[in-house]
Amino acid sequence: MRQTAFKKIMPPQDETLRYMGYSGQMLTEQFCEELDICRKKVFDAASPKAVYSRFALKRTLQGIAVVPTSLVLSGNDISKLLDGCNECILIAVTLGLQVERLINYTQPVSMSRAVMMDAAAAAMVEAVCDELENNLRQELENEGKNLTWRYSCGYGDLPLSLQKDFTAALDTSRRIGLSCSENYIMIPRKSVTAVMGIGQNTAAVKPACEQCASKDDCQLRKAGKSCGYKKHA
């Protein structure tokens, strides 16, 4: 089990806009100034932390068991992703409670700023995940192995209800202050958990929109756009 704190990453402007549903509208100078203020406030409030560990995988009738934990990954999509993988890495990343408190405090004062902050926080936690994934990918390449792309509970047919077993496997509550509610919502909300398979000939393939659990409510998809999680080699 490895735990780390990250050098803070300024929420990328383009990703923040994407989470806000931006689709090429004209951006005013005032809007851009407000957005920069909100990104900076999120940056200042965030305390990015991550915990991750490498586990063996075992195929069972119930799904793919993450040994020696109680987590069993079920569903056809995760089975396809981990095809040929005998090991995996589980990761959990959080920005900390201060970001959530900032957004909650801002909502009654300025809903528009709260929306910008929420989008900036989403962009920031994904950027931290990307950095961690890139570091892990390099480590595995040095062993002559590859990583799949990261896959989270709630994607495709991987049940969101596995979130509790997932966080327990990494002891996230004690290690990085990340817990899971009875409704499987992570606290703090700006947090991510994911699994990545380890294999010799594994390609970093991301699923198409049709495999995403959010496809029916996705504003980007309705606008004919993609968040980037599409099939590619």
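Nothing in this text is a laboratory measurement; each read-out follows from the coordinates by a stated rule. Please read these numbers as outputs of a predicted model, since none were measured by experiment. Please note: Cβ atoms are built from the backbone with ideal geometry, for glycine as well, and neighbour counts cover all protein chains shown.
Remarks
- Stretch gain in nm, segment Gln3-Gln200, where the contour uses 0.36 nm per residue and the Cα spacing is subtracted: 68.4 nm
- Charge context of Val192, other residues only, Cβ under 10 angstrom, K/R +1, D/E -1: +1
- Size of electric dipole in region 7-222: Cβ of Lys, Arg +1 and of Asp, Glu -1, about Cα centre, debye, nearest 20: 400
- Net charge of neighbours whose Cβ lies under 12 Å from the Cβ of Val67, counting Lys and Arg as +1 and Asp and Glu as -1: +2
- Region 25-63 versus region 75-99: alpha-carbon centroid distance in Å: 16
- Cross-link pairs Lys49/Lys164; Lys145/Lys190; Lys40/Lys190; Lys8/Lys164 - those with Cα-Cα distance over 22 Å: Lys145/Lys190; Lys8/Lys164
- Highest-first arrangement of 110-123, 19-32, 73-86, where packing means the average Cβ count within 10 Å: 110-123, 73-86, 19-32
- In sequence order, region 112-125 has phi-based couplings of 5, 5, 4, 5, 4, 5, 4, 5, 5, 5, 4, 5, 5, 5 Hz under the Karplus curve 6.51 cos²θ - 1.76 cosθ + 1.60, θ = phi - 60°, and Gly or Pro positions carry x.
- Residue by residue, region 174-187 carries 3J(HN,Hα) couplings of 7, 7, 10, x, 10, 10, 10, 6, 5, 9, 6, 8, 7, 10 Hz when phi is fed to the Karplus relation 6.51 cos²θ - 1.76 cosθ + 1.60 (θ = phi - 60°); x denotes Gly or Pro.
- Relative contact order %, the chain, counting alpha carbon pairs below 8 Å whose residues are six or more apart: 25
- Relative to the dominant Cα principal axis of the chain, helix 29-45 is inclined by about 50°.
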